[in-house]
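Novice: Got a structure for you, written out below as structure tokens; questions coming shortly.
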Amino acid sequence: QLQASGGGLVQAGGSLRLSCAASGRTFSRYSMGWFRQAPGKEREFVAAINWSGGSTYYEDSVKGRFTISRDKAKNTVYLQMDSLKPEDTAVYYCAADYSPTGSLRRRVIDYDYWGQGTQVTVSS
């Protein structure tokens, strides 16, 4: 129900835009998040946006470089990643958290639906 795409290989300093398309149901009252998992590491929070798109929340390491947004008409969430660094290399996952109050959370366990992941590799 969540399909992530847009990953690839990019040089350090470059940009990528990830997309997460939802299908099969509406996620109108869901906060949407992006997480990533590098080899041998736990899955970690990257960014989240509430159902209205009015609030966002970022992990400190990506603040000022990544931007999360959503297009409610297209039922799609985006992660614009600029000034990429080798340490950003990971599989990126999108996820949905039922949150009608608009709260933003960062724990993996809080998210109800997950996409399949898309690989992002940043070369130095």
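The values are calculated or read from the model by the stated rules, or taken from the named source; none is laboratory data. All values derive from a computational prediction rather than experimental measurement. These accessible areas exclude ligands, DNA and RNA; they are computed on the full protein's heavy atoms, side chains included. Shrake-Rupley method; radii C 1.70, N 1.55, O 1.52, S 1.80 Å.
Novice: On the principal axes of its Cα set, how long, how wide and how thick is the stretch 44-96? Give whole Å, largest value first.
Specialist: So the extents along the principal axes, rounded to whole Å, are 34, 19, 18.
Novice: Let me ask something additional. Within the chain, count lysine pairs with alpha carbon atoms under 24 angstrom apart where the residues are 8 or more positions apart or belong to different chains.
Specialist: Values: 41/63; 41/85; 63/72; 63/85.
Count of close lysine pairs: 4.
Novice: Now for a different question. The stretch 55-97 to the stretch 1-31: how many Å between their Cα centroids?
Specialist: Cα centres, the stretch 55-97 to the stretch 1-31: 8 Å.
Novice: With the convex hull built on the Cα atoms of the chain, state its orientation-averaged projected area in nm².
Specialist: Values: hull surface 27.2 nm².
So the mean shadow area of the Cα hull is 6.8 nm².
Novice: Taking only protein heavy atoms into account and a 1.4 Å probe, give the accessible area per residue of the stretch 74-117 in Å².
Specialist: Working: 2120 Å² over 44 residues.
Heavy-atom accessible area per residue stands at 48 Å².
Novice: If you take every DSSP beta bridge fully contained in the chain, what fraction is antiparallel? Give it as a percent rounded to 5.
Specialist: Working: 37 of 41 bridges.
Here the antiparallel bridges make up roughly 90 percent for the chain.
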